[in-house]
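**Q** One structure, pasted below without further comment.
The values are calculated or read from the model by the stated rules, or taken from the named source; none is laboratory data. Keep in mind the model is a prediction, meaning the values are calculated, not measured. All Cβ positions, even for glycine, are placed from backbone atoms using ideal geometry, and neighbour counts span all protein chains on display. Side chains are part of the model used for accessible areas, which takes the heavy atoms of the whole protein and leaves out ligands, DNA and RNA. Shrake-Rupley method; radii C 1.70, N 1.55, O 1.52, S 1.80 Å.
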Amino acid sequence: MKSFNRRSAVTMAAAALLLAGCGGGSGGAGADGGASSGGKVTVEWWSIHNIEPMLGVWKGLVKEYEAQHPNVTIKMNAMNVENFKSKLTTVTQSGKAPHLFHTWGGGVLAQQVEAGLVKDLTADIAPWSGTLSPVALQSYQVDGKTYGVPHDIGMVGFWYNKKLFAKAGIDAPPATWTEFLDDVKKLKAAGIAPIALAGKAKWPGHYYWAYLAMRVAGLDALKQAAETKSFENPDFVTAGRKLKELVDLQPFQQGFLGADYDKPDGQAAAIGNGKAAMELMGQWAPSVQRDTSTDLGEDLGFFPFPAVEGGKGTATDAFGGGGGIAVGADAPPEAVDFLRFISQPDNHRKGVKTGAIFPAVKGTEDAVTDRHAKLVTESLSKATGYQLYLDQAYPPAVGQQVNDSVAELIAGSKTPEQVVADITTAAKSE
């Protein structure tokens, strides 16, 4: 079994990946009305999609684009995430970088923007940026400007075993935090572990605090905390207390503090094997459950994180991450034009059909065929706001502190007040 690492496979990037632009040139107008370098042009593209099915989709689109633009060569370098990070670090130190490169947005992208290493795409993509999902685009915007184009978006929510819910007398997913806690009690009373959690991995635990912070304080409060470098907001303390209410019910599977996410005795397997009723996880959850245990099929349901009564947040705000492509500061105009090409609805739909990515372009939702993917897509289509994973949205050191402090809260060694104090200390040290 191939080990799953959400930090690398889905969202995390190293702070060292501050990229320097390379290449360049300017000239007349391209076929779409945009600028063109003129003459022969090679666009270097580094991607983390190095396996099927997305590798084949990208290669096919490269061939199509090159056929339409005989003067342009798209040199694609597809590698796994760890090699991608390592190679970019080396290349950056030598003062070079690819024209196009994968980005997860958030704090690392913001650092790259501050260093002047990535291109402001706001004006370049203005003619077609309206075709992109506004929710997906948010992760690649800094100070109101756009520095990346999304090609994937996902969402964290509760995946649950319908049979175990029915056994506990629960006939519908909870809509509020109070209902959620009540359902946890019902599951425990029925002899069922309510929640599977990979306590050892830490990052799955931060989802609870992050969502509660969103529901109690609202998205704006999380953004303001990043700007002021202070998380000592009473609402964030309340979020921690809400999480402690859950922890005090002892809802997690036996041995959760030492559990990994994708191991045979880990979080995903506990759901697939019916040893726990639900997990708070991203859109990849069903596939990891299948890889580590069994496929629950129609018995696996999905529901958004519940609303918190009296909270300032909106119940339809979503939390998650995805993937996008950024452009080196000095990349040729053809690099942006290629982004336009692969972001056209019909071309984006080719990737969505494989199930490897989720719709980041408007009108491509019809390409989703997997029943579980449809559940996530339907929830995302109703999203009124979007928050990137906190361990990606904030600078790496701050994100790591969020993971560490929340893990300590869940383990009972840190108070809600200490959590916000420690995250604030990390933020101010940046």
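**Q** Let's test the formula: R0 of 35 Å, r as the Cβ-Cβ distance of Glu298 and Lys244. What FRET efficiency results, to the nearest 0.05?
**A** 0.50
**Q** Once you have a ≥ b ≥ c as the square roots of the Cα gyration tensor eigenvalues for segment 299-430, tell me rounded if a/c is under 1.5, and otherwise prolate or oblate according to whether a/b is larger than b/c.
**A** oblate
**Q** Separate question: Pull out a ≥ b ≥ c, the square roots of the eigenvalues of the alpha-carbon gyration tensor of segment 234-310, then state rounded if a/c is under 1.5, prolate if not and a/b is larger than b/c, and oblate in the remaining case.
**A** prolate
**Q** Calculate I(q)/I(0) for the chain by the Debye formula, one identical point scatterer on each C-alpha and no solvent, and give its log10 at q = 0.10, 0.13 Å⁻¹ to two decimals.
**A** So the normalised log intensities are -0.69, -1.13.
**Q** I want to check the label-to-label distance for Thr73 and Asp120. Put each point 7 Å from Cα in the C-beta direction and report it in nm to one decimal.
**A** Here the modelled spin labels are 3.4 nm apart.
**Q** By its C-alpha gyration tensor, with a ≥ b ≥ c as the square roots of the eigenvalues, how is segment 160-219 shaped: rounded for a/c under 1.5, else prolate for a/b larger than b/c, else oblate?
**A** oblate
**Q** Now, a different point. Would you calculate a helix-derived [θ] at 222 nm for the chain, using -39,500 (n - 2.57) for each DSSP H run of n ≥ 4 and dividing by the full residue count, to the nearest 500?
**A** -12000 deg cm²/dmol
**Q** Output the 0 to 90 degree angle, nearest 10, between the alpha-carbon long axis of helix 177-189 and the longest principal axis computed from the alpha carbons of the chain.
**A** Tilt of helix 177-189: around 60 degrees.
**Q** Give the distance, in whole Å, between the Cα centre of segment 296-315 and the Cα centre of segment 187-205.
**A** For segment 296-315 versus segment 187-205, the Cα centre distance is 16 Å.
**Q** Within the accessible area of segment 37-111, what % is carbon and sulfur when the probe is 1.4 Å and the other protein chains stay in place?
**A** Its accessible area is 53 percent carbon and sulfur atoms.
**Q** Assuming R0 = 60 Å, can you tell me the calculated FRET efficiency for the pair Lys167 and Thr131, based on Cβ-Cβ distance, to the nearest 0.05?
**A** 0.85
**Q** If you roll a 1.4 Å probe over segment 383-430 with all protein chains in place, what percent of the accessible area is carbon or sulfur?
**A** Carbon with sulfur: 50 percent of the solvent-accessible area.
**Q** While we're looking at this one, here's another question. Post the alpha-carbon centroid distance, segment 210-287 to segment 392-420, in whole angstrom.
**A** So the separation of the two Cα centres works out to 11 Å.
**Q** Still on this structure, please answer the following. Per-residue counts of other Cβ atoms within 10 Å, averaged by peptide: what ranking do you get for 73-81, 168-176, highest first?
**A** The most tightly packed comes first, giving 73-81, 168-176.
**Q** Put a dot 7 Å past each Cα toward the Cβ at Gln418 and Asp330; how far apart are the dots in nm?
**A** Using points 7 Å along Cα→Cβ, the separation is 5.0 nm.
**Q** Looking at the chain, what % of its DSSP beta bridges pair antiparallel, to the nearest 5?
**A** 55 percent
**Q** Any number yet on Rg/Rh for segment 374-425, C-alpha, Kirkwood?
**A** 1.15
**Q** When the accessible area of segment 146-197 is computed with all protein chains present and a 1.4 Å probe, what percentage of it is carbon and sulfur?
**A** Looking at segment 146-197 in its full context, I get 51 percent from C and S.
**Q** Per residue, what accessible area does the chain have, given a 1.4 Å probe and all protein chains present, in Å²?
**A** Roughly 39 Å² per residue, with all protein chains present.
**Q** Tell me, what is the FRET efficiency for Thr425 and Ser86 to the nearest 0.05, using R0 = 30 angstrom and their Cβ-Cβ distance as r?
**A** Once rounded, the FRET efficiency stands at 0.50.
**Q** With a 10 Å radius around each residue's Cβ, average the other Cβ atoms per peptide and rank 255-263, 64-72, highest first.
**A** 255-263, 64-72
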